[in-house]
Amino acid sequence: MLPAGVTHLSRTEQTANSVVRTIIMSEKEMKTDRRKTKRYQIEEGAFAKLTPHCNRLGQIIDVSLGGLAFTYIDSGEELADQQYELEIFLADLSFSLVKLKVKSIADFEAPEFMPFRSVRMRIHCVQFKELNCEQIFELDNFIRNYHIGEALQKTRPGFKSKTRSLAVFR
């Protein structure tokens, strides 16, 4: 259904509207199961950075239209309980998506599968908030173009899959 006075939508607007409808439906479903949107592993070289007033930069573990998780080196920095903006980019700078509003959901120490590791790694999980149609469209394109498969399981404390955990430290 088109808004009053609008006779047609461009292909980009149609795709963005479809993605928005999917997210709205998913958000309704997420009230009973918080992980209804599929999470996808992203190819190596995809990074996330929290801004402003924050030094959290790390490799993306998995992403969905609802949020993402990334690893970072533990600097001991504590985050205030507030919303942030997130940047997503590829190491070769062939893709970037900036100013995504996010809420910090979880932050925990990464499992110790590399016993001689000299730095402490952590995993940070964020939920996307108030994305506009263009951001949703670009995020959907990022997932479609750079995913390497579905995430094997939830990125939460206590996950036991050795294969999945090692993927975090590629």
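Of all residues in the range 123-136, those that are open to solvent by less than 70 Å² (accessible area, probe 1.4 Å) have Cβ atoms under 7 Å from Cβ atoms of residues that are among the small types (Gly, Ala, Ser) and part of a loop (DSSP other than H, G, I, E, B), 6 or more apart or on another chain, in 123/110; 127/66; 128/66. All conditions but one from (1) at pLDDT below 80; (2) open to solvent by less than 30 Å² (accessible area, probe 1.4 Å); (3) at positive phi apply to residue 5; the one that does not is (2). Scanning the range 74-91 for residues that are modelled with pLDDT of 90 or more, surrounded by 12 or more Cβ atoms within 10 Å (Cβ to Cβ) and either among the charged types (D, E, K, R) or over 23 Å from residue 136 (Cβ atoms) (or both) returns 85, 87.
Against the definition (small (Gly, Ala, Ser), at pLDDT below 95, more than 14 Å from the chain's Cα centre (by Cα) and under 23 Å from residue 151 (Cα atoms)), how does residue 106 come out, yes or no? Answer is no for this residue. Inside the range 42-69, residues that are in a strand (DSSP E or B), without any contact (Cβ under 8 Å) to a residue 40 or more places away in the chain, open to solvent by less than 30 Å² (accessible area, probe 1.4 Å) and hydrophobic (A, V, I, L, M, F, W, C) make up a count of 1. Across the range 128-149, not a single residue is classified as in contact with a Ser or Thr (Cβ under 8 Å, 6 or more places away or on another chain) and modelled with pLDDT under 95.
The values are calculated or read from the model by the stated rules, or taken from the named source; none is laboratory data. What you are looking at is a predicted structure, and each value in this text was computed from that prediction instead of being measured. Every residue, glycine as well, gets a Cβ built from its backbone with ideal geometry; the counts of neighbours run over all protein chains shown. These accessible areas exclude ligands, DNA and RNA; they are computed on the full protein's heavy atoms, side chains included. Shrake-Rupley method; radii C 1.70, N 1.55, O 1.52, S 1.80 Å.
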